[in-house]
Amino acid sequence: MNKHIILLPGDGIGREIVESAVQVLKAVAGEFGHTFTMEEHAIGGDAVDKFGTPLPDTTVKACRNADAILLGAVGGPKWDGVPADRRPEKGLLGIRKALGLFANLRPVKGFPSLLHASPLKESVIEGSDILIIRELTGGLYFGTPSERRDNGNAVVDTLAYQREEMERIIDKAFQSARLRRRHLTSVDKANVLESSRLWREIVEEKKQDYPDVAVEHLLVDAAAMKLITNPNQFDVMVTENMFGDILSDEASVLTGSLGMLPSASIRSDGTGLYEPVHGSAPDIAGQGMANPLGTILSAALMLRHSFGMETEAAAIERAVRECLDQGYRTADLDTQGGQVTGTQQVTDAVVENLTVKSVSDSICGMFV
Ligand SMILES: NC(=O)c1ccc[n+]([C@@H]2O[C@H](COP(=O)([O-])OP(=O)(O)OC[C@H]3O[C@@H](n4cnc5c(N)ncnc54)[C@H](O)[C@@H]3O)[C@@H](O)[C@H]2O)c1
Ligand SMILES: CC(C)[C@H](C(=O)O)[C@@H](O)C(=O)O
Ligand SMILES: [Mg+2]
C-alpha cells in the first residue's frame, strides 16, 4: 500500500521521538512491501519561531490531505511569555479541532517485563488493561475565549458542550467496550457540574442501545483513587476533555512511565492524528534519553486504525515487547540496576526485532 504521512515533530523531545518512529515505520515499509511517503510540517513553538503562529495554514492543509498524521509534542519554557494566541499548545488544540478529531483513545497496558517498573505493587497492576477514551474537541479547552477581567484580577474559562458532542464520544465508548470486555466506566463530576449531569443522562439513555455492555458511573475524584488502588476493575473509561487529560497521565504510572503511553486522536471516518500522551519534556530534551516507545506505539495505532494494517501494527507491538524483554530501558524506566539505554539504542532494538523475527507469532490487537 502507498500511504502519505504528515510528521509534526514540534518541540522539545518531539523531534527525537518522531525520528525514532520514522525509523520504525521505514522498517515496517521495507518488511511488508509498503511505501510510506513522509512530509514534515511545523507546529507549536517550532512554528511560532518559523512562521509567527503555532498552527500555520500550510500545516493544516497538509494534514487535511494526509492519510494520517504523527505528532511528537509541543510547548516548553522558551514560549512562556508569548501572547495567548501564540502559545505552542494552541497549535495542538487547533489541529485537533480543525480536523474534527473528537475521540482520543489512550490505551493503558503494561508490558510483562515492566511490571516491576511501576511504583505500585505488581499484584495491583498485573493484568491491568484499560482503554481511556477522552473527548478531545470540547469542554474547558474550547469554551468562549478565556479572559481576564477587573484589571486582571478575575478570570473566566467556560466549560461548554453540545449534546451531540457528548453523544458521539459516548457512542464511541460503548462501541469500543463491545470490542473488549464489555464494561464501561463513565467518569464525571455530576455532583457539581451541570455539564456532567447532561453527560450522565446521555450515558443512561445510550445504555439502552448497548444492553450487552455493563455500565457504571464514577465521580472523577474517586475514579482517580480507584485507578491506582484497583486498576483491574476498569475496562473502558470514558470522560470529558480535561478529566481525560489528567486521568491518562495518572494511569501511565501503571505501565512504568508516561513515556510508554500511545494515543490515537480520531474521528469517525478513520482520519487520525497519532501522538504520545506525554509532552515535550524540556528537562531532558536534546540529551538522547527520551523514551521513544509511546511514539513508536502510536505509529502502530496509526497502522491499525488509519491504514487497516493489523499485522504490521501487531509486529511493532511485539518488537517493542521483545526490546523490553531484552532489557533495553531509557532512564525514565526502572532499570533494576541494569544499564540505561538511550533513545537511539532502544529504537535500533525495536527495528532489529521487527526485521529479524517472523511475524507469525505476533500478538494481535495488543492495544485497542
Ligand atoms: N501532546 C503534547 O504536545 C503535550 C502533552 C503534555 C504536555 N505538553 C507540553 O509539554 C511541556 C512540558 O510539560 P510537562 O513537563 O508538564 O509534561 P511532560 O509530559 O513533557 O513531562 C512530564 C515528566 O515526564 C517526563 N517525560 C515525558 N515524556 C517522556 C519520555 N518520552 N521519556 C522520558 N521521560 C519523559 C519528563 O521528563 C518530565 O519529567 C509543556 O509546555 C506542556 O504544555 C505537550
Ligand atoms: C498540551 C496540552 C494542550 C495537551 C492536552 O491537554 O490535551 C496534552 O496535555 C495532552 O495530553 O495531549
Ligand atoms: Mg496531557
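The values are calculated or read from the model by the stated rules, or taken from the named source; none is laboratory data. As the structure is a computational prediction, the values presented were derived from the model and not from experiment. Neighbour counts run over all protein chains shown; Cβ positions are idealised from the backbone, glycine included. Note: areas computed on protein heavy atoms with side chains; ligands, DNA, RNA excluded. Shrake-Rupley method; radii C 1.70, N 1.55, O 1.52, S 1.80 Å.
Annotations
- Residues that are farther than 26 Å from G256 by Cβ, in contact with a Gly (Cβ under 8 Å, 6 or more places away or on another chain) and not aromatic (F, W, Y), drawn from segment 93-112: L101
- Every pair of residues 6+ apart whose Cβ atoms lie under 8 Å, when the first sits in segment 72-98 and is at positive phi and without any contact (Cβ under 8 Å) to a residue 12 or more places away in the chain while the second is of a type outside the set (D, E, K, R) and within 15 Å of ligand 3 (Cβ to nearest atom): none
- Answer residue from segment 287-297, given it is of a type in the set (G, A, S) and assigned to a loop (DSSP other than H, G, I, E, B) and is farthest from ligand 2 (Cβ to nearest atom) among those: G288
- Looking only at residues of segment 25-41 that are open to solvent by less than 60 Å² (accessible area, probe 1.4 Å) and under 22 Å from R64 (Cα atoms), we find that the one that is farthest from the chain's Cα centre (by Cα) is H34.
- Out of A160, A177, A190, A173, sole residue that is of a type in the set (A, V, I, L, M, F, W, C), at pLDDT 95 or above and more than 24 Å from the chain's Cα centre (by Cα): A190
- Residue ID - farthest from S118 (Cα to Cα), chosen from residues in segment 235-249 that are crowded, with 18+ Cβ neighbours inside 10 Å and acidic (D, E): E240
- Listed by position, the helices (runs of 4 or more DSSP H) inside segment 113-210 whose residues that are out of contact with any Gly (no Cβ under 6 Å at 6 or more places or on another chain) and surrounded by 12 or more Cβ atoms within 10 Å (Cβ to Cβ) number at least 3 are 163-179, 194-206.
- Matching option when the condition is more than 7 Å from ligand 1 (Cβ to nearest atom) and open to solvent by 10 Å² or more (accessible area, probe 1.4 Å), among A281, A299, A285, A264: A285
- Evaluation of A300 against the conditions (1) within 16 Å of ligand 3 (Cβ to nearest atom); (2) assigned to a helix (DSSP H, G or I); (3) closer than 19 Å to R15 by Cα; (4) touching an Asp or Glu at 6+ places or on another chain (Cβ under 8 Å) shows that the sole unmet condition is (1).
- Extreme residue, farthest from E19 (Cα to Cα), among residues of segment 60-88 that are buried (at least 24 other Cβ atoms within 10 Å of the Cβ) and of a type outside the set (G, A, S): P88
- Qualifying residue in segment 16-24 (condition: under 20 Å from I95 (Cα atoms), assigned by TED's automatic domain parsing to the domain that holds I266 and open to solvent by less than 10 Å² (accessible area, probe 1.4 Å)): yes
- Among the numbered conditions (1) within 16 Å of ligand 3 (Cβ to nearest atom); (2) in contact with a helix residue (DSSP H, G or I) (Cβ under 7 Å, 6 or more places away or on another chain); (3) assigned by TED's automatic domain parsing to the domain that holds G30, the only one that L293 does not meet is (1).
- The residue list P276, P231 contains one member that is under 14 Å from A73 (Cα atoms) and either open to solvent by less than 30 Å² (accessible area, probe 1.4 Å) or within 16 Å of ligand 3 (Cβ to nearest atom) (or both), which is P276.
- Test: residue in segment 148-157 that is away from ligand 3 (no atom under 16 Å from the Cβ), closer than 18 Å to V220 by Cα and in the same structural domain as K189 (by TED's automatic domain parsing): no
- In segment 1-43, the residues that are β-branched (V, I, T) and touching a residue at least 60 places away in the same chain (Cβ under 8 Å): I5, I6, I13, I17, V18, V24, V28
To keep it simple, each residue is scored yes or no on (1) assigned by TED's automatic domain parsing to the domain that holds E89; (2) within 16 Å of ligand 2 (Cβ to nearest atom).
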| site | (1), (2) |
| --- | --- |
| D221 | no, no |
| E250 | no, yes |
| I266 | yes, yes |
| A285 | yes, yes |
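- Residues of segment 44-78 satisfying the condition of being more than 16 Å from ligand 3 (Cβ to nearest atom) and in a loop (DSSP other than H, G, I, E, B): G52, T53, P54, L55, P56, N65, A66, D67
- Subset of segment 101-112 [more than 14 Å from ligand 2 (Cβ to nearest atom) and open to solvent by 10 Å² or more (accessible area, probe 1.4 Å)]: K109, G110, P112
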